[in-house]
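S.K.: Sharing a structure, written as structure tokens. Questions coming.
Taken together, the values in this text are just the output of simple stated rules run on the coordinates, not laboratory data. Treat the numbers as computed from the prediction; the structure is a model and nothing was measured. Here the Cβ positions follow ideal geometry from the backbone for every residue, glycine too, while neighbour counts run over all protein chains shown.
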């Protein structure tokens, strides 16, 4: 029998998860929950959401047996909804960011381990072909010993939601959480220290902390320079106003990532594009298969809550560094 899944949070992202659940034969959408009547109405009217909707998880659990919950609420509510689900004996797959505080993340990981229930974090950028191919190149030593990693992200952000407005730094918790997790995944090293600056330009529209600059030191002393801004103007007609460039430099050459493409430049050879491989299934479906395997077989997940504490600890260290004006140790 298929595992019965509820989705908590029925905004656009939650309703998209419903379509991904339908693509996994071992899962079945059993319910949706959201305290907002307009969100429940939108889900009920969505032809891709074929399940009853309820105001909360308690009501859904009373109406139908459940095995797992996908938490797609606003980030501010992740901790409380995850805790509720775990206390009901349910497996959890929570959207990034895991939580907005390292302390909450640690508490949820311990809660899940005590309950013996899977807790996964949907860091779906790991499953983009570009980062998995980059990880393969680096693990095979194509660039030799690494010397530096850099990544820059630019965006002319205009969709200001109440949830984003409530954050101290929207790029940190909405975007950097993706990129910094993808960097530690691709390079295969963990962060040890962080130095960060968070700023807001005068023309930022309704958001705080819209530009972040981060310097990380990874295992072995490898430096990572990362920056992201929602205040870059004048390129709104290119890639929907988004630009991403990353560069991994090693002894034997450099790998360039431009959006979702890789260009390999090795010493003494012409630059060449790198094939990313075929996309057999979406990143979200990959995560759902991990959720299913964790429930059915007890198989460890690549995106477990415990692993994600290492990414959450980077964000925590960045916020502390920016507030205190000093380098801070990353302590998962």
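S.K.: Could you let me know the centre-to-centre spacing of region 194-264 and region 173-187, using Cα atoms, in angstrom?
M.R.: 11 Å
S.K.: Oh, and also: Using a basic spin-label model with each label point 7 Å from the Cα along Cα→Cβ, how many nm lie between residue 2 and residue 242?
M.R.: 2.9 nm
S.K.: Averaging sequence separations of C-alpha pairs under 8 Å and six or more residues apart, then dividing by the length of region 129-235, give the relative contact order as a whole percent.
M.R.: 36 percent
S.K.: In addition: Over the chain, what is the relative contact order in percent, taking alpha-carbon pairs closer than 8 angstrom and at least six residues apart?
M.R.: Worked out over the chain, it gives 18 percent.
S.K.: What's the center-to-center distance, using Cα atoms, between region 15-63 and region 276-303 in Å?
M.R.: When both Cα centres are located, 21 Å separates them.
S.K.: If I stretch the segment between residue 38 and residue 252 completely, what's the gain in nm (0.36 nm per residue apart, minus their alpha carbon distance), one decimal?
M.R.: Full extension from residue 38 to residue 252 adds 71.5 nm.
S.K.: What is the extension gain from residue 23 to residue 63, computed as 0.36 nm multiplied by their sequence separation minus the C-alpha to C-alpha distance, in nm to one decimal?
M.R.: 12.0 nm is the gain from fully extending residue 23 to residue 63.
S.K.: Helix-only estimate, please: 222 nm mean residue ellipticity of the chain, summing -39500 (n - 2.57) across DSSP H runs of length 4 or more and dividing by its residues, to the nearest 500.
M.R.: -10000 deg cm²/dmol
S.K.: Would you kindly calculate the mean projected area, averaged across all directions, of the convex hull enclosing the Cα atoms of region 1-127, in square nanometres?
M.R.: 7.5 nm²
S.K.: Please express the Cα-Cα pair-distance distribution P(r) of region 98-256 as a list of whole percents, one per 5 Å bin, running from 0 to the bin with the greatest distance.
M.R.: All Cα pairs considered, the percentages come to 2, 8, 15, 18, 19, 15, 12, 7, 3, 0, 0.
S.K.: Of the beta bridges DSSP finds with both residues in the chain, what % are antiparallel, to the nearest 5?
M.R.: So the antiparallel bridges amount to about 60 percent of the total.
S.K.: Let me ask something additional. Given a Förster distance of 45 angstrom, what is the FRET efficiency for residue 166 paired with residue 267, based on the Cβ-Cβ distance and rounded to 0.05?
M.R.: The formula returns an efficiency of 0.40 here.
S.K.: For the chain, what are Rg and Dmax over the alpha carbons, in angstrom?
M.R.: 20.2, 66
S.K.: Å³ per residue of the Cα convex hull, for region 115-168?
M.R.: Convex hull volume per residue, Cα atoms: 219 Å³.
S.K.: Would you calculate the separation in nanometres between label points at residue 83 and residue 136, each defined as 7 Å from the Cα along the Cα-to-beta-carbon direction?
M.R.: Roughly 4.3 nm, to one decimal.
S.K.: Now for a different question. Under the definition of Cα pairs under 8 Å and six or more residues apart, what whole-number percent is the relative contact order of region 202-251?
M.R.: Reported relative contact order: 27 percent.
S.K.: Is the C-alpha gyration tensor of region 227-332 telling us rounded, prolate or oblate? Criteria: a/c under 1.5 is rounded; beyond that, a/b larger than b/c is prolate, otherwise oblate.
M.R.: Taking the square roots of the gyration eigenvalues as a ≥ b ≥ c, region 227-332 is oblate.
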